[in-house]
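So the structure is just underneath, and the comments pick up after that.
The values are calculated or read from the model by the stated rules, or taken from the named source; none is laboratory data. Small disclaimer: the values here were computed from a predicted structure and weren't measured. When we count neighbours, we look across all protein chains shown, and the Cβ atoms used for this are built from the backbone with ideal geometry, even at glycine. Only protein heavy atoms, including side chains, enter the accessible area calculation; ligands, DNA and RNA are left aside. Shrake-Rupley method; radii C 1.70, N 1.55, O 1.52, S 1.80 Å.
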Amino acid sequence: MDIPKLFSSKEDRMNYDYHKIESLVDTDIDNYRYIDNLSIPLNKKELCRDYFKSILLGYNHIFIEKVMKQYKTTSNICLPLVHQWFSSAKKEDTRIDNIVIINHPEDAERICKDHVKKAPVFKSFLYNSIISTTDNADWKEQRSFMNMAFIPKLSLQKVFPISLERATTCSQVLDSKSEHYSKSVNMCEFFLHETQAQLQLAMFGFSDEFQEKTNKKIRDAFAGIDVGYTDQFSVEALHETQSSKGPLSQLFDLSEDELQNKGNMLIFAFAGHDTTGLTLTWLLYELCKNPHYKQELIQEIDAYWLRHETPTYESFNELPFMTQCIMETLRLWPALANGTYREVEHDEMIHGLDGNVVKIPKGTYCQIMNWTRHRNKELWGQDSDIFNPHRSFEDSEIWSHEGFGTYNVSSDRFSPFTYGPRNCIGKNFSHMEMRLILLSIFKEFDFTLSYDQLVTVDDTQYNGINLFTMGPKSIYDNELLGLYVDIVLRKSKL
């Protein structure tokens with residue numbers, strides 16, 4: 001059966017008859033097995049259909065949260081997952097398998113660290129890239145080699161001037177997009193454009209001409225518009241690496257595995273900009289909703305600019321409140337709401353619906369969810385659904401409150417860049433460019449939500465659209481993501 005995928009067009013996903021999914025249940029492709037105290041005891045056909053629909057339409061984080069509330073649990077649950085993880089260009093391979101959604105904090109951290117093997121979620125389109133390979137030895141070799149491109153002193157400080165130069169152009173870009181501050185600007189589009197530009201110019205060392213030519217087209221392809229462009233982009237970008245000197249370009253040897261090169265190019269092009277751009281978008285949304293926090297951040301930024309004519313990598317520890325705002329955004333609005341996926345490499349004991357332990361067999365697919373743990377009231381308090389950058393973070397969650405660090409921030413309740421050893425390889429670059437962009441735009445401007453965007457503030461159903469990553473759903477029907485703000489020049493000049 002031909003079924004839509006995450007990267008299918010919006011029209012294909014919206015118009016698909018999801019009742020067709022029911023016909024797949026209890027056929028020879030159905031490998032789902034009920035697990036006592038873990039599986040949800042609802043009608044299997046309806047559960048399979050509704051869960052698949054929630055994934056394709058971008059609200060599976062809310063679907064899972066509602067199921068947990070229905071069964072009064074904050075622990076792990078098992079659902080029947082319809083997927084095409086094993087499909088190829090020549091064959092559509094649809095299956096139904098168990099997927100265990102890991103929500104219990106003790107299990108989340110342990111499984112990520114003890115079971116390194118990835119579930120084959122992305123292999124059909126990212127091949128054996130660093131994020132998609134299910135071979136632990138292959139992953140370890142790739143990770144060891146690629147780490148060099150993200151070491152702060154060896155790489156990031158060297159590309160810092162390029163990122164800084166790009167960040168300083170933000171004021172001109174916003175002036176142009178707002179037509180001299182006369183119309184609202186889609187800041188989601190702006191941030192995604194700028195983080196893609198930073199990635200290409202700094203980390204790859206691509207020319208500005210190449211970046212401008214490909215920036216929007218590759219982002220549209222990832223959003224389901226002209227998906228076929230990903231093949232053209234990967235070929236052109238890999239060719240561009242051969243004449244570029246950025247740290248990421250040095251990782252590609254075109255005489256090596258062609259599909260692995262293609263997969264790594266695409267994952268860097270996507271993950272290297274998308275999660276950062278969406279985090280900045282959600283942060284601006286919350287700051288506009290909470291102007292007292294916005295003003296506190298502006299005061300810290302103004303004080304920083306009075307001390308520094310030009311930002312430096314070493315001085316980011318002077319921005320502790322900015323760090324608190326970023327971490328609170330990563331908690332409340334994790335761009336990777338779905339977290340990460342693993343295949344357990346040996347039998348495991350995890351917490352079931354009632355809190356008692358349940359055995360899951362070797363080979364079970366697990367999804368270590370961020371959304372549910374990051375908003376769990378038992379873990380974060382009764383204000384877990386509220387943006388509060390002054391909340392009590394543990395030292396491991398915020399670099400011991402030193403403002404800026406380089407190790408992976410995490411705890412059993414908090415994993416914005418997932419857990420080691422397969423944590424996000426680009427986290428340090430992401431933190432660097434976020435701070436540069438925020439320093440630049442708030443030096444010049446203030447922001448308020450547009451009149452139309454204001455309707456989302458009190459809408460309890462406004463919880464983001466969660467496809468591969470989670471961003472703010474546009475208030476306009478002709479686009480997928482959007483955050484519209486009005487921009488004004490700040491009255492006080494430094």
* Structure fact -> In whole Å, largest first, the alpha carbons of segment 135-213 cover along the principal axes 55, 27, 21
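Please give the calculated 222 nm ellipticity per residue for the chain, where each DSSP H segment of at least 4 residues contributes -39500 (n - 2.57) and the sum is spread over every residue; nearest 500 deg cm²/dmol? Each step should come with its number before you reach the end.
Details: 18 runs with 201 residues, N = 494.
Here the helix-only value at 222 nm equals -12500 deg cm²/dmol.
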* Charge context of S54, other residues only, Cβ under 11 angstrom, K/R +1, D/E -1 -> +1
* **For segment 417-430, 3J(HN,Hα) per residue [Karplus equation, 6.51 cos²θ - 1.76 cosθ + 1.60, θ = phi - 60°, Hz, x = Gly/Pro]** => 10, 6, 9, x, x, 9, 6, 4, 6, x, 4, 5, 5, 4
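May I ask for the Rg/Rh ratio of segment 194-285, computed from Cα atoms with Rh as the Kirkwood radius, given to two decimals? Please report the intermediate quantities before stating the final value.
Values: Rg = 12.9 Å, Rh = 13.4 Å.
Looking at segment 194-285, the ratio lands at 0.97.
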* Asked: For segment 415-485, what's the relative contact order in percent, using C-alpha pairs closer than 8 Å and at least 6 residues apart?
  -> 21 percent
* To do: Work out from phi, with θ = phi - 60° and the Karplus expression 6.51 cos²θ - 1.76 cosθ + 1.60, the ³J(HN,Hα) of each residue of segment 259-264, listed in order in whole Hz, and give x for Gly and Pro.
  => 5, 5, 4, 5, x, 5
* Using alpha carbon coordinates only, what is the Rg to Rh ratio of segment 267-363, with Rh defined as the Kirkwood radius? -> 1.18
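Over segment 88-225, what portion of Cα pair distances is larger than 24 Å, expressed as a whole percent?
Distances greater than 24 Å cover 56 percent of the Cα pairs.
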* Structure fact -> For segment 352-450, the Kirkwood Rh over every pair of distinct alpha carbons, in Å, works out to 16.7 Å
* For I102, distant residues with modelled amide H under 5 Å away -> Q367, I368, M369
* For a label point 7 angstrom out from the Cα of F86 toward its Cβ, which stretches of segment 99-137 have the backbone nitrogen within less than 18 Å? -> 99-100, 118-128, 133-135
* Structure fact -> P(r) of the chain over all Cα-Cα pairs, 10 Å bins starting at 0, rounded to whole percent, reads 4, 19, 31, 28, 14, 3, 0
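Could I get the Rg over Rh figure for segment 318-401? Both from C-alpha atoms, Rh via Kirkwood, rounded to two places. Walk me through the numbers before you get to the answer.
On the way: Rg = 15.9 Å, Rh = 14.9 Å.
Checking Rg against Rh, the ratio lands at 1.07.
Using the heavy atoms of the protein chains alone and a 1.4 angstrom probe, what is the accessible area of segment 76-225 per residue in square angstrom?
Details: 5990 Å² over 150 residues.
Solvent-accessible surface per residue comes out at 40 Å².
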* Asked: Considering amide H positions built from the backbone, and no H for Pro or chain starts, which residues 5 or more places from I151, or on another chain, come under 5 Å of its amide H?
  -> L156
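Restricting the count to DSSP beta bridges whose residues both fall in the chain, what percent are antiparallel, rounded to a multiple of 5? Show your work: numbers first, answer last.
Details: 26 of 32 bridges.
Around 80 percent antiparallel, to the nearest 5.
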* segment 260-371 - percent of accessible surface contributed by carbon and sulfur, probe 1.4 Å -> 51 percent
* How large is ³J(HN,Hα) for each residue in segment 318-332, as worked out from phi by the Karplus curve 6.51 cos²θ - 1.76 cosθ + 1.60 (θ = phi - 60°), to whole Hz, x for Gly and Pro? -> 8, 10, x, 6, 4, 4, 4, 5, 5, 5, 5, 5, 5, 6, 6
* Roughly speaking, what is the stretch gain from E212 to S396, that is 0.36 nm per residue apart minus the C-alpha to C-alpha distance, in nm to one decimal? -> 62.4 nm
* Structure fact -> Here the residues of segment 248-292 lying in the modelled label zone of K158, meaning backbone nitrogen under 17 Å from a point 7 Å along Cα-to-Cβ, are 248-253
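How long is the gain from T406 to D12 if the chain were fully straight, where each residue apart is worth 0.36 nm and the alpha carbon distance is subtracted?
Numbers: separation 394, 0.36 × 394 = 141.84 nm, distance 4.15 nm.
Using 0.36 nm per residue and subtracting the Cα-Cα distance, I get 137.7 nm.
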* **Pairs of alpha carbons in segment 1-85 whose separation is greater than 17 Å (percent)** => 49 percent
* **Spherically averaged projected area in nm², based on the convex hull that wraps the Cα atoms of segment 446-492** => 4.4 nm²
* Heavy-atom accessible surface of segment 104-236: percent carbon and sulfur, 1.4 Å -> 55 percent
* In segment 376-445, carbon and sulfur make up what percent of the accessible area (probe 1.4 Å)? -> 47 percent
* **Cα lying deepest toward the dipole's positive end in the chain, options S474, P152, Y16, charges on Cβ** => P152
* Report, in whole Å, the centroid distance computed from the Cα atoms of segment 280-296 and segment 133-177. => 26 Å
* Extension gain from Q250 to E22, taking 0.36 nm per residue of separation minus the Cα-Cα distance -> 77.3 nm
* For segment 1-147, report the convex hull volume of the alpha-carbon atoms normalised per residue, in Å³, without decimals. => 143 Å³
